[in-house]
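Below: one structure, written as structure tokens.
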Amino acid sequence: MTNPIADPIVEVPDTDAMSPLVHMESTPEGAVTVWINRPEKKNAFDAATIAALRQTLETLHGAEGVRVVFLRGVAGTFSAGADLSWMADAVEWDEDDNREDALELAHMLKALHDIPALTVALVEGAAYGGGAGLVAACDHALATADAQFSFSEVKLGLTPATISPYVIAALGPRTAKLLFATARVFDADAAWSYGLVDEVFDDAAGLEAARDALIEEMVPCAPGAIGDAKALVNDFAGQKLDRGLVEETARRIARRRVSEEGQEGVRAFLSRRKPTWAE
């Protein structure tokens, strides 16, 4: 792979060759879009889709030059949740088979959470069940006004177990309990009030404009520093502010100051020029 300091062009694997269920696009600015590609099923999950998503998302853990990863569904629908045929198969499995199957979804969600770049859900249409869980697992979420959300599992006698850590982190315990227990269907404005969505736009054109603006905003930001900044939140949230944490914060900024990006960024600032990754 290329060095993100010397060459800002992002290099990511070509996932079109991996699976027709998921494909990935990238731009020279370090923006990657991961598409769920099951329009005939409203981008619902089955085992193959989950496996393809996990494989695609894991390739982004080590991809250089990536600043932001957008997750969205084709044909104006984010994801309708679980595929009915997949659910029908699971009814016939024993508990061990169901646990192994659920682990695949859990690992896929963790792969999304662990991407170093900023992850952003672009939500149109339905985001139900595991689809809503994907939204919660992203760092940021933008939605069109006609988007619809639901954590619908209890209507089937199930629970949203695998997505629950991400939903609780995004919404807080009280709201998560309400939405889990009622399986309430709610719109984008309600999703914003709950904290599941960060911005709401009138239509797809507004969503696209917001995506483009976010990409432009992140061009001056060093790709490696973005990942390390995200790690601060993941590692320090909820931690006790004691001597160990204070020392760890100092260690991390010291490591950044002597890093290739840190050296280039400060020298560029002092010289009143753009750092190489922003040129």
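The values are calculated or read from the model by the stated rules, or taken from the named source; none is laboratory data. All values reported here derive from a predicted model rather than from experimental measurement. Cβ coordinates were reconstructed from backbone atoms using ideal geometry, including for glycine residues, and neighbour counts include every protein chain displayed.
Only one of the listed residues (Phe149, Phe186, Phe180) is of a type in the set (Phe, Trp, Tyr) and under 17 Å from Lys42 (Cβ atoms). That residue is Phe149. Checked against (1) surrounded by fewer than 17 Cβ atoms within 10 Å (Cβ to Cβ); (2) assigned by TED's automatic domain parsing to the domain that holds Ala137; (3) not in a helix (DSSP H, G or I), Lys240 passes all but condition (2).
Scanning segment 28-49 for any residue that is among the aromatic types (Phe, Trp, Tyr), at pLDDT 95 or above and buried (at least 21 other Cβ atoms within 10 Å of the Cβ) turns up nothing. Just one residue in the set Leu21, Leu57 is within 13 Å of Leu134 (Cα to Cα) and surrounded by 14 or more Cβ atoms within 10 Å (Cβ to Cβ); that residue is Leu57. Taking the criterion of being loosely packed, with under 11 Cβ neighbours inside 10 Å and not in a loop (DSSP other than H, G, I, E, B), the only residue of segment 269-279 that qualifies is Leu270. Going through segment 243-268 one residue at a time, which ones are outside any helix (DSSP H, G or I) and not hydroxyl-bearing (Ser, Thr, Tyr)? Val258 - this is the single residue of segment 243-268 that is outside any helix (DSSP H, G or I) and not hydroxyl-bearing (Ser, Thr, Tyr).
Say whether the condition of being exposed (fewer than 13 other Cβ atoms within 10 Å of the Cβ), out of contact with any strand residue (DSSP E or B) (no Cβ under 8 Å at 6 or more places or on another chain) and aliphatic (A, V, I, L, M) is met by at least one residue in segment 181-193. Among the residues of segment 181-193, at least one is exposed (fewer than 13 other Cβ atoms within 10 Å of the Cβ), out of contact with any strand residue (DSSP E or B) (no Cβ under 8 Å at 6 or more places or on another chain) and aliphatic (A, V, I, L, M), which makes the answer yes.
Of all residues in segment 71-95, those that are closer than 18 Å to Leu21 by Cα and without any contact (Cβ under 8 Å) to a residue 40 or more places away in the chain have Cβ atoms under 7 Å from Cβ atoms of residues that are in a helix (DSSP H, G or I) and not β-branched (Val, Ile, Thr), 6 or more apart or on another chain, in Val74/Pro39; Ala75/Pro39.
Tell me, please, whether a residue that is farther than 22 Å from Asp187 by Cα, at pLDDT below 95 and either crowded, with 23+ Cβ neighbours inside 10 Å or among the acidic types (Asp, Glu) (or both) can be found in segment 64-72. Yes, that holds for at least one residue. Within segment 132-155, the set of residues being within 14 Å of Ala183 (Cβ to Cβ) and either crowded, with 24+ Cβ neighbours inside 10 Å or in contact with a helix residue (DSSP H, G or I) (Cβ under 6 Å, 6 or more places away or on another chain) (or both) comprises Ala132, Gly133, Phe149, Phe151. Within the span defined as segment 157-170, every residue fails to be on the phi > 0 side of the Ramachandran plot and surrounded by 14 or more Cβ atoms within 10 Å (Cβ to Cβ).
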